[in-house]
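Worksheet for the structure shown next.
The values are calculated or read from the model by the stated rules, or taken from the named source; none is laboratory data. Keep in mind that this is a model prediction, so the values were computed, not measured. Backbone-built Cβ (ideal geometry, glycine too); neighbour counts: all protein chains shown. Please note that ligands, DNA and RNA were not included when accessible areas were found on the heavy atoms of the full protein model with its side chains. Shrake-Rupley method; radii C 1.70, N 1.55, O 1.52, S 1.80 Å.
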Amino acid sequence: DIIYEKGNEATASVGYDSCERLYDSLVQYYGKDPKLHLPVVITSQFKVLNAYYTNYVANHIVLFDTVSPVGELSNYPSTIEYVFKHELTHAFQFNLRGKAVQVLSDIFGDVVSVSPLLYMYPSMSEGGAVVSESLDGYGRLNDSYAMQIVKQAKIEGMFPQWIDVSGARDTYPSGQL
């Protein structure tokens, strides 16, 4: 389900056209299907390229519609599609549950998805999403500019914290996975 504001139709169309393909690619990558059916909310309320996955109150993804959906940013042929894939990867990571957690989720709802935080550090989650977005030759692992930031930090002996590397926000909605 894609929920969007007036003026966000082009980005909603990209999400609609790519969602099944991206989902299927993640099912193949992980070798499991968490049977997700989650809404994707597209908003132009924020003026910075970002997105987040959250399970509060229910599983959903929010995409900030700040770039042309058909334009390029860095090495992505469709920036919004790769941002969507990154957040969908988080949804997969936090919904691949064991049987006991699945039973709890069936009883208490999506908020039980927080259980992976007990065994998956946020940096691990970000790393998995960056690897996922980079599997087909695009993404940050294949972007010379993104890699230069990491290389320069290593040269200077000032390696940034995971939150700096991931581009996580320090203002609302910070901390959203």
What are the residue pairs meeting all of these: first residue in the range 36-48, first residue over 15 Å from L22 (Cα atoms) and touching a residue at least 40 places away in the same chain (Cβ under 8 Å), second residue in a strand (DSSP E or B) and open to solvent by 40 Å² or more (accessible area, probe 1.4 Å), Cβ atoms under 9 Å, and 6 or more apart or on different chains?
I42/I2; I42/I3; I42/Y4
The range 11-32: number of residues that are open to solvent by 60 Å² or more (accessible area, probe 1.4 Å) and either part of a loop (DSSP other than H, G, I, E, B) or farther than 27 Å from V103 by Cα (or both):
5
Count - residues of the range 37-58 that are more than 14 Å from the chain's Cα centre (by Cα), within 16 Å of A91 (Cβ to Cβ) and either crowded, with 16+ Cβ neighbours inside 10 Å or not hydrophobic (A, V, I, L, M, F, W, C) (or both):
2
Would a scan of the range 98-111 turn up a residue that is outside any loop (DSSP other than H, G, I, E, B) and modelled with pLDDT under 70?
yes
